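*Asks:* I'd like to ask you about the structure that follows.
The values are calculated or read from the model by the stated rules, or taken from the named source; none is laboratory data. Being a predicted model, the structure only gives us computed values, none of them experimental. Quick reminder, even Gly has a Cβ in these numbers, built from the backbone with ideal geometry, and neighbours come from all protein chains shown.
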Amino acid sequence: MVRNSLELLAGFVLNEIPAITHILHRLKLTASVLHRQGFAEANAGNVSIRVSKHLAAPLREAGFSFVEGEWFLVSISGSRYRDIAMDPASGLVLIHTGDKETIYPHNCKPTSEWKCHKMLHKLDEQNFYPCLLHAHPTEIIALCHSPLYKDEALLNQRLSTLLPELPLYLEKGIATSDFAKPGSMELAEGSCKDIKDRKVLIWDKHGILCRGTDIDQCLDYLEIVNKAAKLFFLLGD
């Protein structure tokens, strides 16, 4: 029997597929870190995870008709990391992109940065970076107000000197962007232009966007860049 209820499908995805259960568990731990460290005040930050590879076979075997296209878990507009740390599924929408975009729950909107996330996922044709994480680490935002931020090459050189582990994790360095209004198409298009083949992009006065194979890798990159930025200020540079 072919099942075409998106509500049934969402329940199946979030509760019956071990790979998704694991992703939710790791997201719960990451959200807790972001909240405790003050990296995500109020409803700041967002996340999107391409989960298509985990869904195709289980959905087909379970008789669901929504199989083709791409699937994403995306933070809900207005969701808080402190709440996701307790119940990750409650802060997420399941999005199916194909001929049209379908969202469940229907009454929820994805993060205002979804257009940016979606464009970056589309650029990543080989699916090297299925996870995108955005947050507001204090020292990284402060770094944007420093004259050093205006020179991307010098910024990378200085931070790599302060924290030699940084280039071990981010061999292509850190990308930077000019200021653009949060949630805007200008931010989305600028991000696609500026990030190139880097894993980290600093949004001017807006925080950091990290992309990686999973949520843990994204958090690693965030912590490393913020540690380097913190050292920059501790040493009075």
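*Asks:* With respect to Ser48, is the statement that it is closer than 24 Å to Lys205 by Cα and either in contact (Cβ under 8 Å) with a residue 24 or more places away in the chain or over 14 Å from the mean Cα position of the chain (by Cα) (or both) true?
*Replies:* yes
*Asks:* Still on this model: Here are some residues: Glu165, Glu171. Which one is over 26 Å from Gln126 (Cα atoms), among the acidic types (Asp, Glu) and loosely packed, with under 14 Cβ neighbours inside 10 Å?
*Replies:* Of the residues listed, the single one that is over 26 Å from Gln126 (Cα atoms), among the acidic types (Asp, Glu) and loosely packed, with under 14 Cβ neighbours inside 10 Å is Glu165.
*Asks:* Failed condition for Leu143, given (1) under 15 Å from Asp194 (Cα atoms); (2) of a type in the set (A, V, I, L, M); (3) surrounded by 14 or more Cβ atoms within 10 Å (Cβ to Cβ), with all others met?
*Replies:* The one condition Leu143 does not meet is (1).
*Asks:* Mind listing whichever residues of segment 76-113 are among the polar types (S, T, N, Q) and either over 20 Å from Pro182 (Cα atoms) or touching a helix residue (DSSP H, G or I) at 6+ places or on another chain (Cβ under 9 Å) (or both)?
*Replies:* Scanning segment 76-113 gives Ser77, Ser79, Ser90, Thr97, Thr102, Asn107, Thr111.
Conditions tested, residue by residue: (1) within 23 Å of Glu186 (Cβ to Cβ); (2) of a type in the set (Ser, Thr, Tyr); (3) touching a Ser or Thr at 6+ places or on another chain (Cβ under 9 Å).
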position: Cys108; (1), (2), (3): no, no, yes
position: His121; (1), (2), (3): yes, no, yes
position: Tyr129; (1), (2), (3): yes, yes, yes
position: Leu132; (1), (2), (3): yes, no, yes
position: Glu152; (1), (2), (3): yes, no, yes
position: Glu165; (1), (2), (3): no, no, no
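*Asks:* Mind checking which residues of segment 60-79 are within 19 Å of Cys116 (Cα to Cα) and surrounded by fewer than 19 Cβ atoms within 10 Å (Cβ to Cβ)?
*Replies:* Matches in segment 60-79: Gly69, Glu70, Ser77, Gly78.
*Asks:* I'm told Ile140 meets every condition in (1) in a strand (DSSP E or B); (2) hydrophobic (A, V, I, L, M, F, W, C); (3) in contact (Cβ under 8 Å) with a residue 60 or more places away in the chain except one. Can you identify the failing condition by its number?
*Replies:* In the conditions (1) in a strand (DSSP E or B); (2) hydrophobic (A, V, I, L, M, F, W, C); (3) in contact (Cβ under 8 Å) with a residue 60 or more places away in the chain, Ile140 misses (1) alone.
*Asks:* Scanning for something under 25 Å from Glu70 (Cβ atoms) and either buried (at least 19 other Cβ atoms within 10 Å of the Cβ) or not hydroxyl-bearing (Ser, Thr, Tyr) (or both), does segment 224-234 turn up at least one residue?
*Replies:* No, that holds for no residue.
*Asks:* So if I check each of His22, His117, His96, His106, which one is within 18 Å of the chain's Cα centre (by Cα) and surrounded by fewer than 19 Cβ atoms within 10 Å (Cβ to Cβ)?
*Replies:* Details: His117 fails: surrounded by fewer than 19 Cβ atoms within 10 Å (Cβ to Cβ); His96 fails: surrounded by fewer than 19 Cβ atoms within 10 Å (Cβ to Cβ); His106 fails: within 18 Å of the chain's Cα centre (by Cα).
When all the criteria are applied, what remains is His22.
*Asks:* Same structure again: Would you confirm whether any residue within segment 100-111 is touching a Lys or Arg at 6+ places or on another chain (Cβ under 9 Å) and of a type in the set (D, E, K, R)?
*Replies:* yes
*Asks:* Follow-up. With respect to Glu101, determine if the residue is modelled with pLDDT of 95 or more, surrounded by 13 or more Cβ atoms within 10 Å (Cβ to Cβ) and either over 17 Å from the mean Cα position of the chain (by Cα) or farther than 20 Å from Gly11 by Cα (or both).
*Replies:* no
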